[in-house]
Amino acid sequence: MRVHMEQEILQENAHQAEENRTQFGKTLVVNLIGSPGCGKTTLLEKTLAALQREYRMAVIEGDIYTTKDAQRIEVCGVPVVQVNTAGGCHLSAEITAKAAADLDLQNLDILFIENVGNLVCPAEFDLGEDCKAAVLSVVEGDDKPAKYPLLFQEAGVVLLNKCDLLPYTNFNMDSALADIRGLNAEAPILQLAAAKEEGLEPWFAWLRAAAAKKREA
């Protein structure tokens, strides 16, 4: 019975995700997924600041409680919709649709969805996005891709964050890269330190290319 119910939930979510995809139109939608503290919000702040003259952007902020991250994004001067799941470990396509209804999608180039901090559940739910961006900080350990493979299998881009802290960790970069490549041979793997604004240009270039491809589709 439990398996059947889970299948129904995922099927309903998949249906709503396709509706979302239609509603998003030519807007590039990036679903940022990573553990609490991996640096998703800092990455967004730096990205919005760097690209705000090139693109019309907005953010859906997913958190279990509080509006702390949305308050940080508001300072960047872009539209932001806060979603609190009140205990839920991920955003769903339905929740995303309700949040997106508060945005002018026809006048957006890029919509970022910062999912609830979690490496597991968010990877299972399609929100109608164009791409899942997996964010892993080196302080979490190089074993995480192998332990939580689904996210890295489905990611369109993998961001290894806080690389400035590598000398102070036992993170084995070669092992992490090998595990990610074993799971996903196609996704770019970008090494950066968002807080220090180091290594961000390849990420910006990836976004520019993805946005152009979406407009041309």
Cα extents of the chain per principal axis, largest first, Å, are 51, 44, 37
In whole angstrom, largest first, the equivalent ellipsoid semi-axes that the Cα gyration tensor gives for the range 111-162 are 18, 12, 10
For the range 1-110 (alpha-carbon point model, no solvent) the Debye-based log₁₀ I(q)/I(0) at q = 0.10 Å⁻¹ works out to -0.32
Averaged over all viewing directions, the convex hull of the alpha carbons in the range 67-153 casts a projected area in nm² of 6.7 nm²
So, relative contact order of the chain in percent, Cα under 8 Å, 6 or more apart, is 26 percent
Here the averaged projected area of the range 156-217, based on the convex hull of its alpha-carbon atoms and given in nm², is 4.9 nm²
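Values quoted throughout were computed directly from the atomic coordinates according to the rules given, and no laboratory measurement underlies them. Everything numeric here is computed off the predicted structure, so don't read it as measured data.
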